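The structure appears right after this line, and notes come after that.
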Amino acid sequence: MNIPAELKYTKDHEWVKIEGDVATVGITDFAQKELGDIVYVEVETLDQELGKDEVFGTVEAVKTVSDLFLPLSGEIFEFNEELETTPEKVNSDPYGAGWMVKVKIANPDEVSELLDSEQYKELIGA
């Protein structure tokens, strides 16, 4: 199971890469394996300001649809448009080409509430 140490994580199985006041968000390797083959990623919250833990989109797999929860308050300013035609990138490269959104962080204090890689490993029993 791939759990990069440089990233932050949520109990909802999302990863967060912090670069200054921008957070890149996707779902973890664990999450994509649990979901199975991903066939569609929908984000209709582009250019919207959302609070922490609000639903920013959905990911649809062959067997289920799951909500995506924003790990940090902020404005979603970019969606990975490649996922519209190749959603399977979430399965094949969840921490790279499978990223989902970029968020301008509104409250930097929320970053400290995210899990580090060791805490996330504990959560999933890895």
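The values are calculated or read from the model by the stated rules, or taken from the named source; none is laboratory data. None of the values given here were measured: they were computed from a predicted structure. With ideal geometry, Cβ positions are generated from the backbone for all residues, glycine too; neighbour counts draw on all protein chains shown. Calculation scope for accessible area: heavy atoms of the full protein, side chains included, ligands and nucleic acids excluded. Shrake-Rupley method; radii C 1.70, N 1.55, O 1.52, S 1.80 Å.
Looking at 23, 31, just one residue is over 17 Å from residue 91 (Cα atoms), crowded, with 18+ Cβ neighbours inside 10 Å and touching a strand residue (DSSP E or B) at 6+ places or on another chain (Cβ under 9 Å), and that residue is 23.
The one condition from (1) in contact (Cβ under 8 Å) with a residue 12 or more places away in the chain; (2) closer than 22 Å to residue 5 by Cα that residue 74 does not meet is (2). Looking at 57, 26, just one residue is small (Gly, Ala, Ser), under 20 Å from residue 82 (Cβ atoms) and either in a loop (DSSP other than H, G, I, E, B) or touching a helix residue (DSSP H, G or I) at 6+ places or on another chain (Cβ under 8 Å) (or both), and that residue is 26.
Residue count for the stretch 89-118 satisfying the condition of being open to solvent by 90 Å² or more (accessible area, probe 1.4 Å) and among the acidic types (Asp, Glu): 3.
On the stretch given as the stretch 61-94, residues that are not hydroxyl-bearing (Ser, Thr, Tyr) and not in a loop (DSSP other than H, G, I, E, B) total 17. If you go through the stretch 106-120 and keep only what is closer than 15 Å to residue 14 by Cβ and either of a type in the set (S, T, N, Q) or assigned to a helix (DSSP H, G or I) (or both), you end up with 110, 111, 113, 117, 119, 120.
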